[in-house]
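The values are calculated or read from the model by the stated rules, or taken from the named source; none is laboratory data. Note that the coordinates shown come from a computational prediction; the quantities given were computed from them, not determined experimentally. A quick note on method: Cβ atoms are made from the backbone with ideal geometry, for glycine too, and the neighbour counts reach across all protein chains shown. The protein model used for the area step is the full one, side chains on, heavy atoms only, and it has no ligands, DNA or RNA in it. Shrake-Rupley method; radii C 1.70, N 1.55, O 1.52, S 1.80 Å.
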There are 2 protein chains.
Amino acid sequence: VTESTTNRAARIRALARAISVVERGGPDADALEADLGPCSATWVIGVTGPPGVGKSTLVDRLIGTIRSQGSTVAVLAVDPSSPISGGAILGDRVRMTRHSDDDGVYIRSMAARGHPGGLAAAARSAVRVLGAHGFDVVIVETVGAGQNEVDVASLADCVVVVVAPGVGDGVQAIKAGILEIADIYVVNMADRPGASQTVADIGAMLSLAPTPDWVPPVLQTVAIDDHGVDELWAALERHRVQARRAGIADARRRARRRAEVTERVLADVRKRALAIIESDVAAQVVDRAAAGEITPIEGARRLGEMVSQRL
Amino acid sequence: VTESTTNRAARIRALARAISVVERGGPDADALEADLGPCSATWVIGVTGPPGVGKSTLVDRLIGTIRSQGSTVAVLAVDPSSPISGGAILGDRVRMTRHSDDDGVYIRSMAARGHPGGLAAAARSAVRVLGAHGFDVVIVETVGAGQNEVDVASLADCVVVVVAPGVGDGVQAIKAGILEIADIYVVNMADRPGASQTVADIGAMLSLAPTPDWVPPVLQTVAIDDHGVDELWAALERHRVQARRAGIADARRRARRRAEVTERVLADVRKRALAIIESDVAAQVVDRAAAGEITPIEGARRLGEMVSQRL
């Protein structure tokens with residue numbers, strides 16, 4: 001039985017609404033998430049790398065491969081440089097149009113601003129909603145310039161780091177912090193000069209890192225021509241199997257939950273401490289510091305004591 | 001008497017070291033800052049805007065104008081997208097070479113990473129060190145792509161927002177959050193088509209905002225040709241006089257100190273809460289949440305109680 005267009009539209013609207021709720025955070029979000037229950041069946045793939053290396057195109061081609069295997073896929077495109085969350089930023093308009101008739105694909109953008117609990121927390125909750133909605137695969141893609149590689153790593157079961165010969169910082173960017181988080185390297189735009197050098201550079205770096213359970217492969221793709229994308233998908237599936245076998249997947253899931261608990265406590269403590277700092281009891285100390293009668297450091301010391309007593 | 005080259009080099013090294021100390025934060029930074037005492041004589045100018053509008057060139061030309069007036073100037077170039085702090089990133093190599101013989105100019109870059117207390121706190125401390133070092137003017141410039149406009153606003157006595165016709169998000173970026181913080185607008189690259197339209201767009205936006213004490217002027221510059229830079233300097237000086245007269249400068253200084261006290265308390269509370277979460281007493285709850293036996297939300301609730309009792 002084919003689902004009616006009306007039903008489908010209503011279901012997608014409900015999904016979009018649920019993501020908007022968890023994006024905003026707060027008690028409504030917590031209640032919604034508590035209702036979702038645990039959902040570990042979804043496979044979360046992170047795609048990150050410097051701007052301009054063709055991540056969006058690569059993800060678009062991956063969608064095609066995933067759909068051809070019969071799996072459903074949702075994409076969460078996280079753009080830390082965009083102020084506007086919602087459905088249609090950057091290249092997503094194009095992608096959404098391309099896949100708009102396909103019920104097995106859902107694409108959602110998430111901007112940096114407007115998440116009181118932080119972008120990482122909002123993305124994590126959105127991934128959970130997408131998983132509960134039944135998508136087999138969720139791709140979390142960073143769009144634009146970003147410092148959020150680590151955030152992607154904290155969400156994903158497998159992290160794909162994309163670079164391109166001569167684009168962005170390339171290997172430099174990897175050295176600066178992405179190295180530890182990559183499960184698979186992709187040198188996209190591999191038809192450009194310098195591709196094999198980039199592959200060699202990454203290989204040289206990897207030879208220095210300890211990789212007992214999984215040696216990150218370095219793949220070459222030309223996403224715009226759909227070259228190498230099936231090979232990327234195969235590598236992803238190999239990683240999935242191996243990660244399960246070696247206990248990596250479980251260890252990551254535990255680490256993620258641990259990180260989430262910590263974050264939630266810290267966010268809550270922060271909120272309560274802020275309420276104390278902004279309350280009448282603290283006003284005198286804050287005012288004296290504001291007037292320059294005591295230094296900010298001394299003011300902070302006195303307020304810290306008040307917070308300890310009242311929290 | 002001319003200072004010997006050796007003395008000068010030693011003094012600059014000491015300054016660089018002091019900034020590195022406050023960048024790292026912690027007790028050493030607090031002690032160093034406490035020794036500095038209050039320093040409100042330095043005039044702090046923030047320069048921000050979308051990437052690619054020529055902020056660095058504009059600041060370079062401003063340095064020239066400021067030096068021709070006999071004032072000394074330090075530039076803190078904050079680059080949220082760069083992983084490497086220190087002396088020489090991006091165009092700063094060029095700028096530093098250009099001004100390297102001039103004792104009245106100091107240029108320092110600050111990257112996003114490596115500041116345990118946050119970039120804004122590190123920048124604020126660096127500005128304080130530069131002020132204590134006797135620079136008449138400190139320019140805090142955002143480099144690259146950034147979400148840190150607001151941080152600049154929280155540091156500066158006067159905020160210059162730079163846009164360019166057809167570059168970046170332009171007026172779109174302004175609408176998204178810079179509007180409230182701008183004291184002066186600069187349409188740089190004003191020899192490009194669309195400049196007068198950009199000026200008109202900003203003017204239209206401004207007409208909607210309440211500006212009782214200061215109406216932000218909208219200036220046009222071609223920084224690369226040094227056009228309009230003296231006019232920008234004149235506008236900056238007008239703002240300085242008017243801000244003092246209307247009490248804006250004092251109000252901002254108070255707001256800044258207030259914000260700093262709050263930030264310091266929150267950073268400290270966070271550190272102490274984290275220590276509790278990572279201590280033995282919390283281990284059982286964290287472990288159960290990590291294992292999926294209780295939800296992260298429930299785990300966070302229980303840990304929150306522990307933190308309240310022990311903080």
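The single residue among A:V129, A:V162, A:V137 that is modelled with pLDDT of 85 or more, among the β-branched types (V, I, T), in contact with a Gly (Cβ under 9 Å, 6 or more places away or on another chain) and open to solvent by less than 20 Å² (accessible area, probe 1.4 Å) turns out to be A:V162.
Taking each residue of the stretch B:260-281 that is more than 30 Å from B:V152 (Cα to Cα) and within 7 Å of chain A (Cβ to nearest Cβ) and looking for partners that are of a type outside the set (A, V, I, L, M, F, W, C) and crowded, with 18+ Cβ neighbours inside 10 Å with beta-carbon atoms closer than 6 Å, six or more apart or interchain, yields B:I277/A:T262. Using the structure shown, decide if A:R245 is facing another protein chain (nearest Cβ under 10 Å) and either out of contact with any strand residue (DSSP E or B) (no Cβ under 9 Å at 6 or more places or on another chain) or within 30 Å of B:Q284 (Cβ to Cβ) (or both). No: the conditions fail for A:R245.
Going through (1) more than 10 Å from chain B (Cβ to nearest Cβ); (2) outside any loop (DSSP other than H, G, I, E, B) one by one, A:P216 falls short only on (2).
Summed over the stretch A:284-305, residues that are assigned to a helix (DSSP H, G or I) and either within 30 Å of A:C158 (Cα to Cα) or open to solvent by 40 Å² or more (accessible area, probe 1.4 Å) (or both) total 8.
With open to solvent by less than 10 Å² (accessible area, probe 1.4 Å), more than 16 Å from A:V159 (Cβ to Cβ) and touching a Pro at 6+ places or on another chain (Cβ under 6 Å) as the only criterion, which of A:A223, A:A195 stands out?
The unique qualifying residue is A:A195.
Among the residues of the stretch A:64-75, those that are touching a Gly at 6+ places or on another chain (Cβ under 9 Å) and either assigned to a helix (DSSP H, G or I) or surrounded by fewer than 23 Cβ atoms within 10 Å (Cβ to Cβ) (or both) comprise A:I66, A:R67, A:G70, A:S71, A:T72. Here B:E260 does not qualify as assigned to a helix (DSSP H, G or I) and surrounded by fewer than 19 Cβ atoms within 10 Å (Cβ to Cβ).
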